[in-house]
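The values are calculated or read from the model by the stated rules, or taken from the named source; none is laboratory data. As the structure is a prediction and not an experimental result, all values here were calculated from the model. Please note: Cβ atoms are built from the backbone with ideal geometry, for glycine as well, and neighbour counts cover all protein chains shown. Ligands, DNA and RNA are stripped out before the accessible areas are found, and what is left, the full protein with its side chains, is counted by its heavy atoms. Shrake-Rupley method; radii C 1.70, N 1.55, O 1.52, S 1.80 Å.
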Amino acid sequence: MRKYQILFRWLNNKKETAIVKRVRNKLKRQGADYKISEAYVSDYQENRDFSGCTTDVKTIAFYLPQFHTFPENDQWWGMGFTEWTNTRKCVPRFEGHYQPRIPHKDIGYYDLSTESAIEKQIQLALQHKVYGFCFYYYWFSGKKLMEKPLDIFLKHPEWKINFCLCWANENFTRTWDGAATDILIEQKYTNEDPKKFIMDLKKYISDERYIRIDGKPVILIYNMSAIPDVKKTICAWRNYAQKEGIGDILIWMCRTNGSNAKVLGVEKEIDAEVEFPPHNMWWKPIKENWERKDEAKIYNYQKLVDVLTYRIEKEKNKRQGKKLYHTCMMGWDNSCRRKNGWTVYYGYKLEYFGKWLSVLVDEARKNKEEEERFIFVNAWNEWGEGTYLEPDEKYGYANINMLSEQICVKRQWANGKEEE
């Protein structure tokens, strides 16, 4: 037990300790090779049909709605701005850098203000056994941004995919990081906000497709640490949910910005935590020491996966503290959004993404009851941050095919043979 506590402390404090060296040496003995010669390793794959498979794991993909125009973006960034504006202008920053990312011709530069684009996404997700989308919910004391795709979705109950909401409760800024500088629209956290928040959520939560556990709707909070008097706010949400006829709600906290439930002192107030890579995973031993004038931060994706999966496999039989839902990501890269200080997880390899998924699936099956057997993926469509399940021009459907391979179960038949 002690050695895992030491490892966890190091992961939070970004300090290298003896346990980390032992982890690295063990992985090397197992054949892990960190001499990465390519920045992104995958292969082109056509779409594979997994609609006939079964899965006992509920995969939820975070979903970015910023692929349509709206007045505020036109005002702040120029007419016609969407997330595609950033991705189209992206260029390689180093040799082998996988940019720009171009969507596959099957989806193109879609517009999420159209029903057809959203319906096509849902068809692909269902074909690949994705359980649901977690829509980012941009809410500012009653004012909403980018709600159009979600509202279109709500009007089509025949689209049989599940969903939940994650309140993206940060300032909307020009630097895309929620910081307190160059603010476009601010989170004010007024005294009236808890009641307004629950009332505005009610129409979404009331939808039969909304994700629940034991009848209780799941609400994710992106940055719990930003909420003043957070315990009082959580209590108010629960009270107003009862008064509005929603009933009991489940509050899940994303592990972002260096925080977790224990650090914030809200272990008793929330119901679960959700990892949010790459947050809290900017560790010194996985950083590549490249000197760059643009202050870029380069991290080793393969090292990240090996350290994480080693820790999860060792701890999966020892459930501790608040329930934690694990999340994986693909080759994170936000260089499209920033001229300086961008971050990339170098050395993405499809088989490592598969390894990460495999460990998360195994942990969910081992530690979670079937109704709450969730894993998360960051993300369905974060094109500006280089992590997406949707197909691209260069590698096709490789990422989403890998997801389906890992979540589909093998069933034991009477003849003793296993079939996919």
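Some values worked out for this structure:
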{"quantity": "Output for region 51-91, where each listed residue is part of a helix (DSSP H, G or I) and under 24 Å from the mean Cα position of the chain (by Cα)", "calculated": "73, 83, 84, 85, 86, 87, 88"}
{"quantity": "Close pairs from region 214-242: first assigned to a loop (DSSP other than H, G, I, E, B), partner of a type in the set (Asp, Glu), Cβ under 8 Å, at least 6 apart", "calculated": "214/371; 215/248; 222/170; 223/170"}
{"quantity": "Spans of strands (runs of 3 or more DSSP E) in region 98-212 with at least 2 residues open to solvent by 10 Å² or more (accessible area, probe 1.4 Å) and more than 23 Å from residue 377 (Cα to Cα)", "calculated": "143-145, 183-185"}
{"quantity": "Restricting region 243-257 to residues that are part of a loop (DSSP other than H, G, I, E, B) and of a type in the set (Val, Ile, Thr), the residue that is most open to solvent (accessible area, probe 1.4 Å)", "calculated": "246"}
{"quantity": "The one condition in (1) at pLDDT 95 or above; (2) over 25 Å from the mean Cα position of the chain (by Cα) that residue 31 fails to fulfil", "calculated": "(1)"}
{"quantity": "Subset tally (residues that are modelled with pLDDT of 85 or more, within 21 Å of the chain's Cα centre (by Cα) and in a loop (DSSP other than H, G, I, E, B)) for region 310-339", "calculated": "10"}
{"quantity": "Condition met for residue 271 (acidic (Asp, Glu) and either touching a helix residue (DSSP H, G or I) at 6+ places or on another chain (Cβ under 9 Å) or more than 30 Å from residue 160 (Cβ to Cβ) (or both))", "calculated": "no"}
{"quantity": "First in region 183-209 and β-branched (Val, Ile, Thr), second anywhere and part of a helix (DSSP H, G or I), Cβ under 8 Å, 6 or more apart", "calculated": "185/72; 198/237; 198/240; 198/241"}
{"quantity": "Residue in region 163-181 that is closer than 30 Å to residue 369 by Cα, out of contact with any Ser or Thr (no Cβ under 8 Å at 6 or more places or on another chain) and small (Gly, Ala, Ser) present", "calculated": "yes"}
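Each row is one residue, and each column tells you yes or no for (1) in a loop (DSSP other than H, G, I, E, B); (2) among the polar types (S, T, N, Q); (3) more than 21 Å from the chain's Cα centre (by Cα).
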residue	(1), (2), (3)
259	yes, yes, no
273	no, no, no
279	yes, no, no
290	yes, no, yes
294	yes, no, yes
298	no, no, no
